[in-house]
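I have placed the structure first, in the form of structure tokens, so that the comments after it can refer back to it.
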Amino acid sequence: MKSVSRYLIVIVLLAAMVAGSVPSLAQDVETYGMVVFLKGSEFFNWAYAGMVDAAARIGDHIEVQLLGPAEWDASLEAREIEQLTARGVDGILATAGDAETMNASIDGAIAAGIPVVLFDSDAPGSDRLAFAGTNNYNAGCSAGQAVAEWHGDAARVGISTFPGPDHLGKRVAGFEDCLAAAAPGAEVVQIVNDEGRVDGAETAITAMLQANPTINVIFASHGNPGPGAAAAVRNLGIVGEIDIMAFDFGLPVLELIESGEIRATVGQNPYLMGYMGMLLAYGARHETGVTAGTGFGPYASLVDTGVQILGPDDIDPFKNPPTFE
Amino acid sequence: MIKFPGLPDKSKSLLNDRSVILALLILVISIALSLLTPAFLSSRNLTFVVTGMTYDLLMALGMTVVLLLWGIDLSVGSVLGLTAVVTTMLLQDGAAIPLAIGLGLGVSALCGAINGFFVAYLKIAPFIVTLGMMSVARGIATVLTSGYFVSGLPDAYKAIGQGRLFNVPYMVYIALVAVVILALLLRNWRPLREAFYIGTNPEAARLTGIRVAMITMGGYIFCSLMAGSAAIFMTSRLSMGFFQFGLGAELKAIAAAVIGGASLRGGTGSVIGTTLAVFLLALINNGFVLLKGSPNAQNVIMGGILVVAIMIDAYRRRDRDEN
Amino acid sequence: MPPALEAKSINKSFGSHRVLHDVSFAVQAGEVHALVGENGAGKSTLMNIIGGIHTRDAGELLLKGQAIDPADVWQARQLGISVVFQELSLTPNMTVAQNIFVRREPTKALGMIDWQRLNADAQALFEQIGVEISPTELVGNYSVGIQQIIEIAKAISFDAEVIIMDEPTSALSESEVDRLFGIIADLKAQGVAIVFISHKLGEVFRIADRISVLRDGEMVGVTKPADSSPDEIIRMMVGRSFDDLYPPKGVVGDEVILEVRELSHPPLFHDISFSLRKGEILGIAGLVGAGRTEVARAIFGADSYSSGSIALAGERLDIKSPREAIEKGIVYLTEDRKVMGLFLSMTMRENIVSAALGRFVGALGILRHKEIAAESGRAMQRNDIRPRDDLLSVNSLSGGNQQKSLLAKCLSANPKALLADEPTRGVDVGAKVKIHQALRDLANHGVGVIVISSELPEVLGLSDRVIVFREGRISAILAGDNISQAEVMRHAVQ
Amino acid sequence: MQDAQALRAKQAADAGLLRRFSLETLQVGGLALAIVVFAIIVQLNFPVFLSLPNINVMFVNFLPEAIIALGMTIVIITAGIDLSVAGIYPFSAIVVGLLMLAGLPIPVAILLTLAAGAVVGAVNAFISNKFRVHPFIATLAILLILRGVNIIITGGSPVSGFPEGFAIFGQAGIDMGGFTLRYSVFIWLGLALLTGYLLRHHRFWRLSYFIGGNRRSARMSGINVERYLVFVYMLSGTLAAVAGIIVASQFNAANNSYGQNLELRVITAVVIGGADLNGGAGSILGSMLGVLFIAMIYNAFAMSGISTYWQDVVVGAMLLASILLGEALKRRRA
């Protein structure tokens, strides 16, 4: 039976690890959870940093924690919300990998008396109290307008994205609409599937550029294809001939902006999303007597955190992303 | 007088019949593509098809050896991610390039050694062992980076993946050399020859005096090292490290090796076949983009190719399976 | 009264190869009818056709005069024809009772198995044939010999009118054979027709009422044991006569090659001590499960032992793996060629040189294919393996040639001591003679040879000395030219 | 006489502690013990852990895995594997949604979806049988195809807005005060008890152990192995469709992203539960405990606030540990 005891030792160690991280269960401690649809992303780390900082501002009795599936699966994210609900946390910040899928879990949390604030991507059909985040259509639109400014009617654009996520679709639609509006002669030549991967983007964009030598702009609809697009342009030895509009400001993107290989990126404000989200949730938890829920009072229902197009001169503040633990 | 005819056809020859089928398929698709789009048949495009397939090729070659040994390695994608993260983090912290690469490859070899130890010495089903390693390696990569991209790599390191000779990236030469050497070794090198025996009948191999456990373990280490090498190329080429590198790569590698003639029941596998299969898949992907296919259909196409490959293989085997 | 089973003018070809040519065969109720012939003569094909595994090209099958046409094993069994296969058809991870009654389990409502009745039925069956086997034990926990009896019990449980036994004694010890023959006698008394396929002519003469001989797909004759002799049957089988199955004995030297001292690995074997001399063939007899194979595998490093010592040519060895054993010069020819010996889907050449690759490597472990081809060619010729094409896969060879390939593989490792475990199992007479001769030649060249065999005549005919095992211990070491079978048996069982 | 005595002696010698219980009992017992110990330790630190609402969430969250594991257990017992469940699961969620949106009555939509799952299962078995490829490859191909099909038929956007009555399968339930005991839990319980009982006692279902234990001998026993495997994979496909329908109802939406790596979670749970990938061994009870174990680990992470980055590491390590345990037991008995 020695082997069984060996097995038990593993379990005990694991449990001890869980137990070791127990927060002090003092009465006044409040716990807030953040649920993201893709854990382990620089973007969401910025958002979490905002949440952590906001929590610290409120007081050191606030504890926060980050949860989320490692792969993009909206149903797994909904599960995390349900677990936090069952645990009875004081507030949840969530980002909707798929709005429709999240509705039921969000409504469940609200029904259990837990304020839920969405950030980054909204679930407008749910009972969520508030949303703080980028309007993705507008973000795409800004990029489209910038590209129109760069090249006017001469813009020939290739887009790198992958099918599935709602917000990517909105960005691409916003981009296409605003580009067409600002430069009617411009054209989106082809959209390729980067499978959400950097190396996938490199392969797909290299092929796209060869099939369409007229392309002079690449729009990356999310964080990963930017560096892939730069590598593709490097492959073809046409650095400088193609303007890349990346998305978000991961460190590799910043580096490439500095080196001139990426012209600009669409910078969202994830830190503010987390910061505002935390404040909104805390506000909902501790209502002040001013009528809430109508967009007036301690928490608003919609906070647009905005985007800015970041060029080489704008990127310094983003070079030191937050770290945890 | 006894005649000594050439080497037997089965998996020993450089060109077995599977390779011929694949080569024909490649030819047909190439002709079709060059007729359909002028962009296809340029040396530049072909160079990039080959460059783009390097990572998949390295991993598929490693997988071929593991399949040959009647094993499977589901952890290669995660090992790639872990190696990428470890190497680039070391570089970011200012480690010398050879040291960083060495430690990175060391980590991948360690993953392979753990897989191999469980499979070869503890006799645990490789599917499960490497499934566990898949979780563990990816998890460690996540923990190490907390999800951040790793960047700020020295230029000399980037040169590995981005540098060129005669306008062809170094890594293409390295991959080609790897293919040739491995093809020769698979034919002539004793440990790899013995791998065929092990994959065909492990118990008989043991009683024949073949170091079954050691060679099996070596196979897993080799497979992980190939994934690690892919990680070095990928990070230096893309100038970054990321814990999600290699996500889903294991299934691609297995599919390529099987299409190339390896069997999940061990004992067969061909370097040339695997190489051609990877090339075929890369061509199809390339053609897909060149012809502006809908991005949505890509998965269906890949799955469909696997099914077709299965059918062709079944057709090819129909005589052999009589008994 | 029509015969219990009659096959009329059966023809069968595989591709262009004609396996059965107008074969007719009949067995009466209450008769034991032996079917003999060399491997490849078509016995198994004939039985597979009767048992529903293969379909015939032409001819008729009659069961008690009624034409039948079984589509598969199941149908044949339900018609009353049960084949006891050489490769056991049992599943090790299920209990004995479940194995016997698979698909016929007594059920309650809705197909739910009635476990009590199932086990009781199995118990009753074992009582009927007079064996003590637990219905609830997993089959995998029983030895191959007992499994064979379970297999036969399964065949009987179909209320079979015809039972076909394909080499039923190949894995049985002498006492188990006696038990089986008792069962056969009972079945016979109940009017069951039994077809008994065997290579062991001694057993055939002991039990058969009639003997049919197949050669190259044709029925060459039917005879009664009383009207015939083993020599005559052999002549019918091979088309020529054999004066002697065994080569003349050689000269045993004094030099000890292998010295085994007090080798123990409880509970499998205890205090095994013997020495093997240069040029000697040392036979090991005993019941299956007496520890013979276990000792050989321990000497070879395939399994471990707990105490004792082994010395080769005076040098004490500490062998931990077959690899080390082979490097030192000890080679083991396994009893189970398909599972543990050969690489069936690989070529003959690859099989033959598999244990000797170390001799053909150059710098950095690169193989020298020319030398490999030459060695393989020599081995093909020396061991008379047919067809003489070493690039065919071993799969395509007959059992005898497979066994010769296995021997060739062992010999290519240049052994100083060869441990041959059942070297002629499942092999026809012609190949048997060749293998015996090869072993003796080896001894004459100064190799020490140990032959483990369940066939007493083989052990006695081949060996210079005989070690008898009983329950994991050596019960006797017999020498001299006139060891009798009875004497060996006495030491083996008592 | 002689042998019977020897046999009895052997049995007596073998009747050590480990032999007295079956391997299955030991493995399932060990796992159950581990679950209890783990639960106690977590409970001591997080009193909410074993509260009814939290236990309810643990179950509900892993209900799809638990239902799919029922089929996977049988597939693995027959020495097969079914990766395509991770494709069938979102596929059936989408299909049932699209059919309802097309105006079909709920029962019809559900029946058609179950049939679709069964058909995909049959295709798996067909490819594997007909072309003699390992089910790993056949089901992998189907998984890739289905992932693509899911994107194509939805255009990448979610399907939602189902009729109200559909909520009964995944959302509605009995109000227990602090939480809702969903009807879907009863669906799972019913399916688990049914498959567990049939697999243990039904003549036809038990054949899966014969096929996995020794395919050749199964053939010899007159079992049509190919046809049986069609049944097994159809069952697995249908159960994946059940899970898909439940998840669609639970979230009132369907999305092609559902089911990422689901196949691996299910296989992990089934293997932790004692099933042997070489076939011939496994039980529904074990698999359900395996799912529970994984569900507990995930929940403990949500409870404790340890960086969930460690989750993958721990689940992988648990998988390896449970395999080591199984091997150690097997070897001890050998």
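Which pairs turn up if I take residues in the range C:43-71 that are farther than 14 Å from residue C:21 by Cα and look for partners that are among the polar types (S, T, N, Q) with beta carbon separation below 6 Å, at least 6 apart in sequence or on another chain?
C:52/C:75; C:54/C:48
Any idea how many residues of the range A:255-266 are on the phi < 0 side of the Ramachandran plot and surrounded by fewer than 24 Cβ atoms within 10 Å (Cβ to Cβ)?
Of the residues in the range A:255-266, 6 are on the phi < 0 side of the Ramachandran plot and surrounded by fewer than 24 Cβ atoms within 10 Å (Cβ to Cβ).
To keep it simple, each residue is scored yes or no on (1) away from chain A (no Cβ under 13 Å); (2) of a type in the set (A, V, I, L, M, F, W, C); (3) touching a residue at least 12 places away in the same chain (Cβ under 8 Å).
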residue	(1), (2), (3)
D:35	no, yes, yes
D:38	no, yes, yes
D:41	no, yes, no
D:56	no, no, yes
D:60	no, yes, yes
D:67	yes, yes, yes
D:70	yes, yes, yes
D:81	yes, yes, yes
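Any residue at all in the range D:262-280 that is farther than 17 Å from residue B:126 by Cα, among the polar types (S, T, N, Q) and either at the interface with chain A (Cβ under 10 Å from one of its Cβ atoms) or outside any helix (DSSP H, G or I) (or both)?
no
Looking only at strands (runs of 3 or more DSSP E) that fall completely inside the range A:27-131, which ones have 2 or more residues that are in contact (Cβ under 8 Å) with a residue 12 or more places away in the chain, surrounded by 23 or more Cβ atoms within 10 Å (Cβ to Cβ) and within 14 Å of chain B (Cβ to nearest Cβ)?
Values: elements: A:30-35, A:62-67, A:91-94, A:116-119.
Passing ranges, in order: A:62-67.
Filter the range A:230-254 down to residues that are in a helix (DSSP H, G or I) and over 20 Å from the mean Cα position of the chain (by Cα) and give me whichever is surrounded by the fewest Cβ atoms within 10 Å (Cβ to Cβ).
A:234
Please go through the range D:283-294 and pick out each residue that is in contact with an Asp or Glu (Cβ under 8 Å, 6 or more places away or on another chain), part of a helix (DSSP H, G or I) and at pLDDT 90 or above.
If we filter the range D:283-294 for residues that are in contact with an Asp or Glu (Cβ under 8 Å, 6 or more places away or on another chain), which is where we start, we get D:283, D:286, D:291, D:294.
Subset that is part of a helix (DSSP H, G or I): D:286, D:291, D:294.
Within the range D:283-294, D:286, D:291 qualify.
This table checks each residue for (1) out of contact with any Leu (no Cβ under 9 Å at 6 or more places or on another chain); (2) on the phi > 0 side of the Ramachandran plot; (3) not polar (S, T, N, Q).
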| site | (1), (2), (3) |
| --- | --- |
| C:52 | no, yes, yes |
| C:58 | yes, no, yes |
| C:61 | no, no, yes |
| C:69 | no, no, yes |
| C:81 | no, no, yes |
| C:91 | yes, no, no |
| C:101 | no, no, yes |
| C:111 | no, yes, yes |
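Taking residue C:286 as the residue in question, decide whether it is crowded, with 22+ Cβ neighbours inside 10 Å, modelled with pLDDT under 90, touching a helix residue (DSSP H, G or I) at 6+ places or on another chain (Cβ under 9 Å) and farther than 27 Å from residue C:481 by Cα.
No; evaluated as a whole, the condition is false for this residue.
Looking at this structure, is residue C:159 out of contact with any helix residue (DSSP H, G or I) (no Cβ under 6 Å at 6 or more places or on another chain), surrounded by fewer than 21 Cβ atoms within 10 Å (Cβ to Cβ) and away from chain D (no Cβ under 13 Å)?
On the way: out of contact with any helix residue (DSSP H, G or I) (no Cβ under 6 Å at 6 or more places or on another chain): yes; surrounded by fewer than 21 Cβ atoms within 10 Å (Cβ to Cβ): yes; away from chain D (no Cβ under 13 Å): yes.
Considered against the rule, which asks whether it is out of contact with any helix residue (DSSP H, G or I) (no Cβ under 6 Å at 6 or more places or on another chain), surrounded by fewer than 21 Cβ atoms within 10 Å (Cβ to Cβ) and away from chain D (no Cβ under 13 Å), residue C:159 comes out as yes.
With respect to the numbered conditions (1) of a type in the set (Gly, Ala, Ser); (2) at pLDDT 85 or above; (3) over 14 Å from residue A:314 (Cα atoms), which one is the sole condition not fulfilled by residue A:237?
(2)
Just wondering, is there one or more residues in the range A:142-157 that are under 28 Å from residue D:168 (Cα atoms) and not in a helix (DSSP H, G or I)?
Step one: filter the range A:142-157 for residues under 28 Å from residue D:168 (Cα atoms), giving none.
Scanning the range A:142-157, I find no residue that is under 28 Å from residue D:168 (Cα atoms) and not in a helix (DSSP H, G or I), so the answer is no.
Which of the following residues is at pLDDT 90 or above, within 26 Å of residue A:66 (Cβ to Cβ), crowded, with 24+ Cβ neighbours inside 10 Å and not basic (Lys, Arg): B:58, B:68, B:82? Steps first, please.
Numbers: B:58 fails: within 26 Å of residue A:66 (Cβ to Cβ); B:68 fails: within 26 Å of residue A:66 (Cβ to Cβ).
After ruling out the rest, the residue left standing is B:82.
If I ask for residues that are over 30 Å from residue A:56 (Cβ atoms), in a loop (DSSP other than H, G, I, E, B) and away from chain B (no Cβ under 12 Å), which ones from the range A:255-278 would you list?
Scanning the range A:255-278 gives A:260, A:263.
Go through (1) away from chain D (no Cβ under 11 Å); (2) under 21 Å from the mean Cα position of the chain (by Cα); (3) touching a residue at least 40 places away in the same chain (Cβ under 8 Å) one by one and return the number of the condition residue B:170 breaks.
(3)
Do any helices (runs of 4 or more DSSP H) entirely within the range C:54-160 hold 1 or more residues that are farther than 28 Å from residue C:4 by Cα, and if so, which? Quick ask: steps written out before the conclusion?
Working: elements: C:73-79, C:96-100, C:115-129, C:144-156.
By residue number, C:96-100, C:115-129, C:144-156.
Results for (1) facing another protein chain (nearest Cβ under 8 Å); (2) under 23 Å from the mean Cα position of the chain (by Cα), shown as yes or no for each residue.
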position	(1), (2)
C:293	no, yes
C:339	yes, yes
C:345	yes, yes
C:363	no, no
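Tell me which residues, restricted to the range A:205-215, are more than 8 Å from every other protein chain (Cβ to nearest Cβ) and surrounded by 21 or more Cβ atoms within 10 Å (Cβ to Cβ).
Hits for the range A:205-215 are A:205, A:209, A:215.
Mind listing just one residue for me: the one in the range C:452-480 that is in a loop (DSSP other than H, G, I, E, B) and in contact (Cβ under 8 Å) with a residue 24 or more places away in the chain and, of those, surrounded by the fewest Cβ atoms within 10 Å (Cβ to Cβ)? Give the derivation first.
Let us first name the residues in the range C:452-480 that are in a loop (DSSP other than H, G, I, E, B), namely C:453-455, C:463-464, C:471-472, C:480.
Next cut, in contact (Cβ under 8 Å) with a residue 24 or more places away in the chain only: C:453-455, C:463-464, C:471-472.
Details: C:453: 24, C:454: 22, C:455: 20, C:463: 26, C:464: 20, C:471: 17, C:472: 21.
The residue in question is C:471.
So that you can scan it fast, the table gives a plain yes or no per residue for (1) surrounded by fewer than 24 Cβ atoms within 10 Å (Cβ to Cβ); (2) among the β-branched types (Val, Ile, Thr); (3) under 16 Å from the mean Cα position of the chain (by Cα):
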position	(1), (2), (3)
D:41	yes, yes, no
D:50	yes, no, no
D:56	yes, no, no
D:60	no, yes, yes
D:64	no, no, yes
D:72	no, no, yes
D:75	no, yes, yes
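If residue D:203 satisfies every condition in (1) within 14 Å of chain C (Cβ to nearest Cβ); (2) closer than 30 Å to residue A:83 by Cα but one, which is the exception?
(2)
Within the range B:173-215, track down each residue that is within 20 Å of residue B:60 (Cβ to Cβ), of a type in the set (Phe, Trp, Tyr) and within 9 Å of another protein chain (Cβ to nearest Cβ).
B:189, B:196
Which ones in the range B:260-301 are at pLDDT below 75 and either part of a loop (DSSP other than H, G, I, E, B) or surrounded by 22 or more Cβ atoms within 10 Å (Cβ to Cβ) (or both)?
B:293, B:294, B:295, B:298, B:299
Output the residues belonging to the range D:147-158 that are touching a helix residue (DSSP H, G or I) at 6+ places or on another chain (Cβ under 7 Å) and either facing another protein chain (nearest Cβ under 8 Å) or acidic (Asp, Glu) (or both). Quick ask: steps written out before the conclusion?
We begin by selecting, within the range D:147-158, every residue touching a helix residue (DSSP H, G or I) at 6+ places or on another chain (Cβ under 7 Å); these are D:147-154, D:156-158.
The answer is D:147, D:148, D:149, D:151, D:152, D:156, D:157, D:158.
Which one is modelled with the lowest pLDDT, of the residues in the range A:277-314 that are out of contact with any strand residue (DSSP E or B) (no Cβ under 8 Å at 6 or more places or on another chain) and surrounded by 14 or more Cβ atoms within 10 Å (Cβ to Cβ)? Break it down into steps so the answer makes sense when it comes.
Here is the first cut: in the range A:277-314, the ones out of contact with any strand residue (DSSP E or B) (no Cβ under 8 Å at 6 or more places or on another chain) are A:279, A:283, A:286-294, A:296-298, A:306, A:312-313.
Next cut, surrounded by 14 or more Cβ atoms within 10 Å (Cβ to Cβ) only: A:279, A:283, A:287, A:292, A:297-298, A:306, A:312.
Details: A:279: 89, A:283: 85, A:287: 74, A:292: 53, A:297: 66, A:298: 65, A:306: 84, A:312: 86.
Looking at the filtered set, the residue picked out is A:292.
Can you work out which of the residues in the range C:81-130 that are basic (Lys, Arg) and farther than 27 Å from residue C:165 by Cβ is surrounded by the fewest Cβ atoms within 10 Å (Cβ to Cβ)?
Ranking the candidates gives C:108 first.
The values are calculated or read from the model by the stated rules, or taken from the named source; none is laboratory data. Only a predicted model underlies this, so the values are computations on that prediction, with no experimental measurement involved. Note that we place each Cβ from the backbone using ideal geometry, even for glycine, and neighbour counts take in every protein chain shown.
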